[in-house]
Amino acid sequence: MDIKDLAVGQCVEVATKNTLYVIEKLAGGNRVRVTGGSYFPEPTETVFVGSTLNRYFLKEGVIEVGMNLEFHHPNKPHKSVITTKVQEIQ
């Protein structure tokens, strides 16, 4: 699923191995509001980078089953948050 295909305000639920994330599309590129897991216990505006495999392969702006999600966390400059592998997208 390409994040660009979501309308502003539209939400998607993404289940990873460890966490259920709710991702809401915001205006402006890959900006999202994400909730879930230890890094996003409260709704947090961030940038969704894409899906990655071991940081060597990146599908920019795409949520892909079997891959890890990568976000740029606003309170952790120069540091990405990488989730466990996506198991389901709703």
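Output the qualifying pairs, or none if there are none: Cβ atoms under 8 angstrom, residues six or more apart or on different chains, first residue in the range 39-56 and aliphatic (A, V, I, L, M), second residue exposed (fewer than 12 other Cβ atoms within 10 Å of the Cβ).
If the second residue must be exposed (fewer than 12 other Cβ atoms within 10 Å of the Cβ), the pairs left are Val47/Gly29.
Let's see how each residue does on (1) in a strand (DSSP E or B); (2) over 14 Å from Ile82 (Cα atoms); (3) among the hydroxyl-bearing types (Ser, Thr, Tyr); (4) within 13 Å of the chain's Cα centre (by Cα):
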position	(1), (2), (3), (4)
Ala15	yes, no, no, yes
Ala27	no, yes, no, no
Thr46	yes, no, yes, yes
Ser51	yes, no, yes, yes
Gly66	no, no, no, no
Glu70	yes, no, no, yes
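Do we have Val12 as in contact (Cβ under 8 Å) with a residue 24 or more places away in the chain, closer than 12 Å to Ile63 by Cα and either surrounded by 12 or more Cβ atoms within 10 Å (Cβ to Cβ) or aliphatic (A, V, I, L, M) (or both) here?
yes
Quick check on my filter: what residues within the range 29-44 are more than 16 Å from Gln90 (Cβ to Cβ) and either touching a Phe, Trp or Tyr at 6+ places or on another chain (Cβ under 7 Å) or assigned to a strand (DSSP E or B) (or both)?
Across the range 29-44, the qualifying residues are Asn30, Arg31, Arg33, Gly37, Phe40, Pro41, Glu42, Pro43, Thr44.
Take the conditions part of a strand (DSSP E or B) and either surrounded by 14 or more Cβ atoms within 10 Å (Cβ to Cβ) or at pLDDT 95 or above (or both) and apply them to Val22. Does it pass?
yes
Could you list, in sequence order, all residues of the range 53-64 that are in a strand (DSSP E or B) and farther than 11 Å from Met1 by Cβ?
The answer is Leu53, Phe57, Leu58, Glu60.
The values are calculated or read from the model by the stated rules, or taken from the named source; none is laboratory data. Note that the structure is a prediction, hence the values are computed from the model and not measured. Neighbour counts run over all protein chains shown; Cβ positions are idealised from the backbone, glycine included.
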